[in-house]
Amino acid sequence: MKITSFIISALAAVTPVFAAEADNSILFKAEFEKSSANAVFAKGNPAAAVSKPAEFVKDGVSGEAVRLKPGIRLTFEQKNNVNLNAGTAIFWVRPVDWNPAKPTGGCNWFFGICGIGADGGRIQVFKHTTPTLMAFVGNKGAMKSLTQGMGYWKQNQWYMIAVTWNEGRTVLYVNGKLVARSNITKAELPKNTGEVFSLQSTFGTTDFDNVVIYNRVLSMDEMKKLYANTAPVKK
């Protein structure tokens, strides 16, 4: 597999934002083409910052994907790229050198819109030490936990994860299917989430592709169609 190393600096020049998306509810989209982690569309700042050199692989969901090893954290600004009152966050993940259907030595944090410390609000997705996919939505003392077993997950296979939130309900999807949901009030929606959101893999190497954030909740039908239209062809 050909891997191209690419260093992204927090001070790197910002790539031009592509023409407006057909769906004007999209706030942010990163596709990792041309070995770039910068967003191809963003209502806010599209520039990416990374803690260490990131790698890119050619066999992503569509085109290239970014490969994150433990210790590498890819971050983007939240301002205008995230709506905490209502939204949908979608991203694809592929376990590279760890087995998602088995226990791991620590929680593997994938995606996070979260403040610093226990008081920060958060929208997070991660693998528990057990073979369990989890999402946190809310604030300290009012955190909603969404879970699904990962016993059917396989190494080196792509999975589409999505989390939706608004006043009333938060939902977790895997491969276009609703797997967990919880009621949530307006007062329980995340607050004080800091200034950035991130992609990372804290336990083992993980590939990421096609990160999209909307300012609305996608319906179940939309989620099914999105997965059907973007899922990679199995060889």
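How many residues does segment 190-235 contain that are within 21 Å of TRP165 (Cβ to Cβ), of a type in the set (Gly, Ala, Ser) and at pLDDT 95 or above?
2
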Tally of residues being within 17 Å of the chain's Cα centre (by Cα), of a type outside the set (Val, Ile, Thr) and not in a strand (DSSP E or B) across segment 31-42: 7
Contacts under 9 angstrom Cβ, first residue in segment 92-115 being in contact (Cβ under 8 Å) with a residue 40 or more places away in the chain and among the small types (Gly, Ala, Ser), partner crowded, with 22+ Cβ neighbours inside 10 Å and outside any strand (DSSP E or B), 6 or more apart: GLY115/GLY121; GLY115/PRO190
Test: residue in segment 18-30 that is farther than 16 Å from VAL82 by Cβ, surrounded by 15 or more Cβ atoms within 10 Å (Cβ to Cβ) and modelled with pLDDT of 95 or more: no
Residue in segment 52-62 that is farthest from SER35 (Cα to Cα), counting only those that are more than 17 Å from the chain's Cα centre (by Cα) and modelled with pLDDT under 95: LYS52
Segment 190-220, residues that are part of a strand (DSSP E or B), out of contact with any Leu (no Cβ under 9 Å at 6 or more places or on another chain) and either of a type in the set (D, E, K, R) or over 15 Å from PHE32 (Cα atoms) (or both): VAL196, PHE197, ASP209
For LYS79: the one exception among (1) in contact (Cβ under 8 Å) with a residue 40 or more places away in the chain; (2) in contact with an Asp or Glu (Cβ under 6 Å, 6 or more places away or on another chain); (3) of a type in the set (Lys, Arg): (2)
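Name the residue, out of GLY115, GLY87, that is of a type in the set (Gly, Ala, Ser), surrounded by 15 or more Cβ atoms within 10 Å (Cβ to Cβ) and over 25 Å from THR230 (Cα atoms).
One residue alone meets the criteria, GLY115.
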Test result for GLY149, modelled with pLDDT under 95 and either more than 29 Å from ASN45 (Cβ to Cβ) or crowded, with 18+ Cβ neighbours inside 10 Å (or both): no
Count of residues meeting criterion [farther than 22 Å from THR230 by Cα, of a type in the set (Lys, Arg) and surrounded by fewer than 19 Cβ atoms within 10 Å (Cβ to Cβ)] in segment 38-72: 2
Selected residue [in a loop (DSSP other than H, G, I, E, B) and closer than 27 Å to LYS69 by Cβ] from THR130, THR147: THR130
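This table checks each residue for (1) exposed (fewer than 14 other Cβ atoms within 10 Å of the Cβ); (2) farther than 21 Å from ASN108 by Cβ; (3) among the β-branched types (Val, Ile, Thr); (4) in contact with a Cys (Cβ under 7 Å, 6 or more places away or on another chain).
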{"residue": "LYS144", "(1), (2), (3), (4)": "no, no, no, no"}
{"residue": "LYS154", "(1), (2), (3), (4)": "yes, no, no, no"}
{"residue": "TRP158", "(1), (2), (3), (4)": "no, no, no, no"}
{"residue": "LEU178", "(1), (2), (3), (4)": "no, yes, no, no"}
{"residue": "THR185", "(1), (2), (3), (4)": "yes, yes, yes, no"}
{"residue": "LEU189", "(1), (2), (3), (4)": "no, yes, no, no"}
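The values are calculated or read from the model by the stated rules, or taken from the named source; none is laboratory data. The model shown is predicted, which means the values in this text are computed figures rather than measured ones. Here Cβ is always computed from backbone atoms with ideal geometry, including for glycine, and neighbour counts include all displayed protein chains.
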